[in-house]
Structures are given as structure tokens and as C-alpha cells.
Amino acid sequence: MEKEQVTGKIDKLKGKVKQGIGRATDDPALQGEGALDEAKGTIKQTYGNMKDAIKQTDKKAGSDVNDK
């Protein structure tokens with residue numbers, strides 16, 4: 001698992017919490033900040049997934065990116 005996958009999940013969770021608090025307190029700025037954090041988390045997680053897939057494909061092909 002890549003570190004971006006983990007930090008992406010954390011950012012997504014943080015964003016959802018901020019959005020929930022923003023809705024509960026009627027704070028549109030906090031809701032927007034939460035949406036931005038959630039989107040950032042999704043991007044990080046997708047990037048981590050791509051890195052992981054590339055490493056797995058490389059390993060199956062017989063060479064390992066980490067050995068270079």
C-alpha cells in the first residue's frame with residue numbers, strides 16, 4: 001500500500017467531517033473547505049492506486065521498479 005492511499009483516505013474522512021460540521025453549524029465556508037479536502041483525498045488516493053498498480057505490473061513482468 002502506498003502512503004498516498006493512506007493520506008488520501010485520511011483527507012477524505014477529514015473532508016466529510018468538516019462538511020458535516022459545516023452543515024450542522026450552517027457554515028458554508030467550512031462545508032466548502034470540507035469538499036475541497038475530500039476532493040484532494042480522492043486525488044491522492046487515486047495517485048497511490050496508480051503507483052501500486054504500476055509496481056504490481058512491473059513485478060509480474062519480472063523487473064522491479066524498487067530495485068532500480
Problem set entry | Members of the range 14-26 found to be of a type in the set (V, I, T) and in a helix (DSSP H, G or I), listed by number | V17, I21
Exercise. Can you tell me which of A35, A29, A53 is without any contact (Cβ under 8 Å) to a residue 12 or more places away in the chain, in a helix (DSSP H, G or I) and touching a helix residue (DSSP H, G or I) at 6+ places or on another chain (Cβ under 8 Å)?
Worked result: A29
Exercise. Which of the residues spanning the range 1-20 are modelled with pLDDT under 95 and in contact with a Phe, Trp or Tyr (Cβ under 9 Å, 6 or more places away or on another chain)?
Worked result: E2, E4, Q5
For this session: Give me a count of the residues in the range 21-55 that are surrounded by fewer than 13 Cβ atoms within 10 Å (Cβ to Cβ) and either at positive phi or touching an Asp or Glu at 6+ places or on another chain (Cβ under 6 Å) (or both).
Result: 1
Exercise. Checking K18 against (1) in contact (Cβ under 8 Å) with a residue 12 or more places away in the chain; (2) open to solvent by 80 Å² or more (accessible area, probe 1.4 Å), which single condition isn't satisfied?
Worked result: (2)
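The values are calculated or read from the model by the stated rules, or taken from the named source; none is laboratory data. Quick caveat: nothing in here was measured; it's all calculated off a predicted structure. Cβ: placed from backbone, ideal geometry, glycine included. Neighbour counts: every protein chain shown. Note: accessible area is taken over every heavy atom of the protein model, side chains too, but ligands, DNA and RNA are not part of it. Shrake-Rupley method; radii C 1.70, N 1.55, O 1.52, S 1.80 Å.
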